[in-house]
Amino acid sequence: MRSIRYLISIFALFLALAASAAASPDDGFREPCTDRYPLRHPYFGDLHVHTQLSLDASTQGTRNRPGDAYRFARGERLGVQPYDAEDRPLRSVRIARPLDFAAVTDHVELLGEWNICNTPSLAGYGSLVCRIYRRWPRAAFFWMNFTAARAKRAGFCGEDGAVCLAASRAPWAEIQDAAEAAYDRSSACSFTSFVGYEWTGAVGPGNNFHRNVIFKSHVVPELPASFVDGPRLDQLWARLRAECTQQQGGCDAVVIPHNSNLSGGTMFQTDRPDGSPITADDARSRAGFETLVEVMQHKGDSECMLGNGSEDELCGFEKLAMNSFSGRYVSFLAEPPVARQFVRNALKEGLAQEERLGVNPFEYGIIAGTDTHLGTPGLVAEDADYPGHGGAGTPAAEAVPKGLPDAIDFNPGGLAVLWAEENSRTALFEAMRRREAYGTSGPRIVLRFFGGWELERDLCARQSFAATGYAHGVPMGSVLPSSVQPQHAAPVFAVSALRDPGVEGHPGAPLQRIQIIKGWLADGALHEKVYEVAGTPDNGAGVDLATCVASGAGHDSLCNVWTDPDFDASQRSFYYARVVENPTCRWSQQLCNARGVRCDRPETISEGLEPCCSPQHRPVIQERAWSSPIWYRPAPVRDD
C-alpha cells in the first residue's frame with residue numbers, strides 16, 4: 001500500500017509541476033522551450049553587472065555597454081580597458097562556458113548625470129562638474145558620489161532634479177532594449193536576460209545598503225527609483241508597489257541586498273529611521289520584495305566571520321579587513337567588521353524578529369554574483385588571466401596596472417544558480433520568488449537540498465532523489481510544514497552535490513565535504529552549529545604553491561540523508577548546506593607564479609607584485625556553494 005501511495009504522489013507531482021509551468025505565460029510572445037524539466041534544472045547566471053552607464057565604471061575607463069555585457073554572457077569575446085590611441089582594447093576576455101541568464105544592474109543614482117556629461121547637446125554638459133568628469137574622471141566620481149550619498153543632485157539638474165531625471169530616460173531605455181535584444185524567445189531558450197538596476201544606498205562613512213532590483217518581465221516603471229530621490233528602504237519598496245506591483249500589466253520585482261561585508265551593519269537594519277524598532281508591517285514589506293541575498297561577489301564573502309558571531313573555521317573565506325568602502329581609502333575611517341554585516345547572523349536575527357513580530361524580515365534565499373564593473377558577467381575563473389572587475393578595485397583606464405590587476409583581497413566573484421523548469425523569465429523569476437536558489441564562489445557545482453519529515457534513508461541510492469524530495473518534502477528556500485509533523489519527529493534533510501566538470505584544459509576540483517549549518521533561537525538567545533554530513537576535512541588534499549598542482553583524494557559526488565540530532569520542536573531554526581571543494585590555488589597565487597615571484601628571492605618581486613609576499617595574501621582557496629536555507633517554525637500551540 002505504501003508503494004502505491006508513493007507512485008501516486010510522484011505522478012501527482014509531475015502533473016502539478018508540468019501544469020504550473022505550462023500555465024504561466026512568459027514575458028510577451030515566445031516559443032515554448034524545447035528543453036523542459038518537470039523536476040527542474042540548475043541554471044547558472046549573474047544578477048550583478050555594471051557597464052559604462054554606471055558612473056564609477058565609466059570613470060575607470062569601462063566602455064562596454066549593456067548590449068556588450070549580454071554578448072559576453074552568451075560567450076563572445078570582449079575587449080576591456082585600457083585602449084590605445086586607435087581605441088583598440090589592450091586586453092580581452094572570454095568565459096569558457098556561456099551563462100544561462102544575466103541582468104545588467106547599473107547604478108541609477110547618477111544615470112542622468114552620466115548621460116549629460118557625455119552628451120554635448122544636453123544642458124549641463126558644460127558645467128564645472130562635467131568638465132572635471134571629462135578631465136579628471138576619478139576626482140569627479142568621488143565628488144558626485146559624495147553628493148549622491150547625501151541624497152542630493154548637482155546644481156545643473158535643476159529644480160527637483162528634473163533635468164537629470166529627464167536625461168536618465170535614454171540610458172534606462174538602453175538597459176531595457178539591450179535586455180529585450182538578448183532574450184532568446186526561440187524554442188532553444190538558450191539565454192534569459194532580465195531588466196534590472198542597482199539602488200545604491202549608503203549611510204555614514206561609506207556603509208552600503210545597496211540593493212539590486214530585478215524585474216520579472218519587460219513591464220517596468222517609467223523611471224527606476226533611486227536613492228537620491230528616496231534614501232530610505234521603505235521609500236524604495238513604496239515606489240515599487242506604486243509603480244510596479246500595484247499597476248496593471250504584470251509588473252513584478254525582487255530586491256536583492258548587495259554583499260553585506262562592507263555595510264558596517266546597516267544592510268540588515270532592525271530599527272526604523274527614527275530609531276524605533278521595526279514593525280510587523282516593516283518586516284512584511286521587506287520580506288515581500290527581498291527574497292534573496294547576495295552572499296559573495298568580487299569584493300569578498302559575506303556569509304560569516306570568525307569572532308563575529310561564529311567559531312566556524314571556514315568563515316575565514318575571502319574576507320576583507322574593514323567594514324566599509326571608506327575604510328579602504330581613508331585609514332582613520334577603517335574599522336574592523338561587525339557581526340551585523342554577515343548573512344548568517346542576519347538569518348539568525350530573523351528568527352528573533354519573527355518571535356517578536358510574527359514575521360521574519362530576513363528569510364533570505366542565497367545567491368552570489370560578480371558585481372563586475374567591466375561589463376563582464378560570469379567572469380569568475382580563478383586563473384592568472386583574471387583582469388580584475390573594476391569598481392572599488394584597481395583602475396586601468398590609462399594603462400594596465402603594474403603587477404597585480406586588482407586588489408589582492410578581491411576575487412573574481414561568484415554565480416547565482418536557479419532551479420527552474422525551463423530557461424525563461426517566468427520560470428527563473430518564480431525560482432527567485434520561492435528562493436529555490438543557491439550561490440557558488442565560481443564553480444558550477446550542482447547542489448540539491450530537501451527537507452521533510454519522512455525522507456527515506458536510502459534516498460541517495462535512488463534515481464528518484466529529486467522526485468521524492470518534492471513529493472515528500474520541500475526544496476531549499478522553503479519552510480518545513482509543521483502542520484504535518486509527526487509527533488516528536490526531527491526533520492530529515494537530503495543533500496546531494498556534483499563536482500564542477502570543468503572544461504577542456506581546466507577540470508573542476510574534486511569535492512571535499514558537505515556541511516549543514518544550523519541556526520536556532522532558544523530562550524531568547526541565538527545559536528549556530530556546523531555539522532559534517534558527507535565527505536571529510538581530513539582527506540589529505542593539498543596544493544603545491546610553487547606549481548599549483550593539487551593532490552589528495554576527493555569526490556565527484558557526495559550525498560547523504562541526515563537528521564538533526566539536537567532538534568528541539570519548540571525552537572525556531574534554519575538549515576542550509578555548504579559544499580566545499582578540495583584546496584586549489586587562488587587567482588593571485590597563479591598570477592604571482594606566472595610572473596616568476598619567489599618570496600625567498602627579493603629580486604623576483606618586481607613593482608606591483610609586493611602583495612604576493614605580504615602576510616595578508618591568502619594563496620589557497622577552497623571554492624564552495626551555499627544552498628538557500630530551509631526553515632522550521634514550531635506549530636502554534638492550540639487551546640483544546
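The values are calculated or read from the model by the stated rules, or taken from the named source; none is laboratory data. Please read these numbers as outputs of a predicted model, since none were measured by experiment. Because the Cβ atoms are built from the backbone with ideal geometry, glycine has one as well, and the counts that use them run over all protein chains shown. The area values use the complete protein model at the heavy-atom level, side chains included, leaving out ligands, DNA and RNA. Shrake-Rupley method; radii C 1.70, N 1.55, O 1.52, S 1.80 Å.
Filter region 185-205 down to the residues that are open to solvent by 20 Å² or more (accessible area, probe 1.4 Å) and not charged (D, E, K, R) and list them by number. Ser186, Ser187, Ala188, Ser190, Thr200, Ala202, Val203, Gly204, Pro205, listed by residue number.
For region 427-445, check the following and say yes or no: at least one residue is more than 20 Å from Ala569 (Cα to Cα), open to solvent by 30 Å² or more (accessible area, probe 1.4 Å) and touching a helix residue (DSSP H, G or I) at 6+ places or on another chain (Cβ under 7 Å).
Let us first name the residues in region 427-445 that are more than 20 Å from Ala569 (Cα to Cα), namely 427-445.
In the following step, the residues that additionally are open to solvent by 30 Å² or more (accessible area, probe 1.4 Å) were identified as 430, 433-435, 444.
Among the residues that remain, those that are also touching a helix residue (DSSP H, G or I) at 6+ places or on another chain (Cβ under 7 Å) are: none.
No, region 427-445 contains no residue that is more than 20 Å from Ala569 (Cα to Cα), open to solvent by 30 Å² or more (accessible area, probe 1.4 Å) and touching a helix residue (DSSP H, G or I) at 6+ places or on another chain (Cβ under 7 Å).
Contact map, region 138-159: first residue open to solvent by 30 Å² or more (accessible area, probe 1.4 Å) and of a type in the set (A, V, I, L, M), second residue part of a loop (DSSP other than H, G, I, E, B) and modelled with pLDDT of 90 or more, Cβ cut-off under 6 Å, separation 6 or more or different chains; pairs are Ala151/Val228; Ala151/Pro231. Could we say that Asn360 is in contact with a Phe, Trp or Tyr (Cβ under 8 Å, 6 or more places away or on another chain), over 25 Å from Gln622 (Cα atoms) and in a loop (DSSP other than H, G, I, E, B) here? Yes, satisfied.
Strands (runs of 3 or more DSSP E) fully within region 486-557 that include at least 1 residues being in contact with a strand residue (DSSP E or B) (Cβ under 7 Å, 6 or more places away or on another chain), open to solvent by 20 Å² or more (accessible area, probe 1.4 Å) and closer than 14 Å to Asn582 by Cα: 492-498, 525-535, 542-544, 549-551. Scanning region 436-457 for residues that are part of a loop (DSSP other than H, G, I, E, B) and within 30 Å of Arg586 (Cβ to Cβ) yields Ser441, Gly442, Pro443, Arg444, Ile445. The single condition among (1) under 21 Å from Ile256 (Cα atoms); (2) out of contact with any helix residue (DSSP H, G or I) (no Cβ under 6 Å at 6 or more places or on another chain) that Tyr329 does not meet is (1).
Scan region 1-41 residue by residue and report those that are modelled with pLDDT of 50 or more, open to solvent by less than 20 Å² (accessible area, probe 1.4 Å) and either at positive phi or not acidic (Asp, Glu) (or both). Listed by number, the list holds a single entry, Cys33.
Kindly establish whether Gln297 is without any contact (Cβ under 8 Å) to a residue 40 or more places away in the chain and under 24 Å from Met432 (Cα atoms). Full working, then the answer.
Working: without any contact (Cβ under 8 Å) to a residue 40 or more places away in the chain: no; under 24 Å from Met432 (Cα atoms): yes.
Answer is no for this residue.
Looking only at residues of region 206-228 that are surrounded by 22 or more Cβ atoms within 10 Å (Cβ to Cβ) and charged (D, E, K, R), we find that the one that is nearest to Pro337 (Cα to Cα) is Arg211. Scan region 108-127 for residues that are of a type outside the set (D, E, K, R) and buried (at least 24 other Cβ atoms within 10 Å of the Cβ) and jot them down. Passing the criteria: Val108, Leu110, Leu111, Gly112, Trp114, Ile116, Cys117.
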